[in-house]
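Down below is the structure, laid out as structure tokens.
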Amino acid sequence: MMLPSFMRRVRCSVAAVLALSSAAAAAHNYHMGIADISYNPRTGSTEIVHTYTAHDVATLLAKQAGRNVDLGQAGSEPLLRRYAEQQFYVTAKDGKRLPLKWVGMKADADSVVIFQEVPGTRLAKGTRIHNAVLTDLIPTQKNTVNIEVAGPVTTLIFDQGSLDQAVP
């Protein structure tokens, strides 16, 4: 999947924020995730790129699996995929879930990046996003979603009190 230049800039920004905030996050017990959603006119699909703290994801998956989970091992991807597809989804104005295609994931010591897309679809205003990733493990989890589908980037913040929001 070829990321547009905007997405590459966002990915670099996210990486910098996560790297700089990792010490502060541990000290202040602050947990966050970032997802970038953008329409790719070349493919006609909406691309979704999530970034979460590796430690939080590994802890959650280990708790669910009842064993240690190494995010670098191939066996962790099905666990992560199942979890992500339960906790993050997009619904059309009629309330039906849009099909999210799992593109893949990558993990390192600091972060987990999940790649998904909504094939052949541009999100419309009023489309709803449900983002409960890690809120079941961490009550203070904040998930930021940056959306660029038609015009300037808009940002939505998801937490336990606001798991479902409409695309403005």
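Every number in this text was worked out from the coordinates using simple rules, so none of it is lab data. Nothing here was measured: the structure is a model prediction, and the numbers come from that model. Cβ: placed from backbone, ideal geometry, glycine included. Neighbour counts: every protein chain shown.
Let's see how each residue does on (1) farther than 16 Å from Asp36 by Cα; (2) exposed (fewer than 13 other Cβ atoms within 10 Å of the Cβ); (3) over 15 Å from the mean Cα position of the chain (by Cα):
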position	(1), (2), (3)
Gly126	yes, yes, yes
Asn131	no, no, no
Asn143	no, no, no
Glu148	no, no, no
Val167	no, no, yes
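Per the listing Lys96, Lys101, the residue uniquely basic (Lys, Arg) and within 19 Å of Ser38 (Cα to Cα) is Lys101.
Which residue pairs have Cβ atoms under 7 Å apart, sit 6 or more places apart or on different chains, and have a first residue in the range 145-163 that is touching a residue at least 24 places away in the same chain (Cβ under 8 Å) and within 19 Å of Phe115 (Cβ to Cβ) and a second that is of a type in the set (D, E, K, R) and surrounded by fewer than 16 Cβ atoms within 10 Å (Cβ to Cβ)? Pairs that qualify, where the first residue is touching a residue at least 24 places away in the same chain (Cβ under 8 Å) and within 19 Å of Phe115 (Cβ to Cβ) and the partner is of a type in the set (D, E, K, R) and surrounded by fewer than 16 Cβ atoms within 10 Å (Cβ to Cβ), are Val149/Arg122.
Looking only at the range 100-118, residues that are in a loop (DSSP other than H, G, I, E, B) and under 22 Å from Thr155 (Cα atoms) come to 1 in all.
Applying the selection to the range 106-123, what residues are out of contact with any Asp or Glu (no Cβ under 9 Å at 6 or more places or on another chain), surrounded by fewer than 17 Cβ atoms within 10 Å (Cβ to Cβ) and within 27 Å of His31 (Cα to Cα)? Of everything in the range 106-123, those that are out of contact with any Asp or Glu (no Cβ under 9 Å at 6 or more places or on another chain), surrounded by fewer than 17 Cβ atoms within 10 Å (Cβ to Cβ) and within 27 Å of His31 (Cα to Cα) turn out to be Lys106, Asp108, Ala109, Asp110. Among the residues of the range 66-81, write down those that are surrounded by 13 or more Cβ atoms within 10 Å (Cβ to Cβ) and either touching a strand residue (DSSP E or B) at 6+ places or on another chain (Cβ under 8 Å) or in a helix (DSSP H, G or I) (or both). Within the range 66-81, Leu71, Ser76, Glu77, Leu79, Leu80, Arg81 qualify.
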